[in-house]
1. Suppose the chain between THR10 and GLN28 were pulled fully straight at 0.36 nm per residue; how much longer would it get relative to their current alpha carbon spacing?
2. Need the full-extension length gain, LEU55 to LEU36, defined as separation in residues times 0.36 nm minus the C-alpha distance. One decimal, nm.
Amino acid sequence: MKKLDMDMQTLKNARSGLIKNNLIAWQQPIYQVLSLEPMVNTRRSGQMMSLSNLLNNAEVVND
């Protein structure tokens, strides 16, 4: 996909990860961003995190 600057397999993997973590709903051709439940997190570092780290942390919390 030229607009996202990624190949189709990368897009499919990213979409699957977002669906698995209940961050989006998808039914071709429509994506819907789902609302997040408020998290009580007293451990704030004040630092930016990559999307990959956020998704990895979400998997740990959801397991």
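All of the numbers you see were taken from the coordinates with simple rules; none came from a lab. If you're wondering where the values come from, they're calculated on a predicted model, not measured in any experiment.
1. Details: separation 18, 0.36 × 18 = 6.48 nm, distance 1.66 nm.
Between THR10 and GLN28, full extension yields an extra 4.8 nm.
2. Numbers: separation 19, 0.36 × 19 = 6.84 nm, distance 1.29 nm.
Fully extending the segment from LEU55 to LEU36 adds 5.6 nm.
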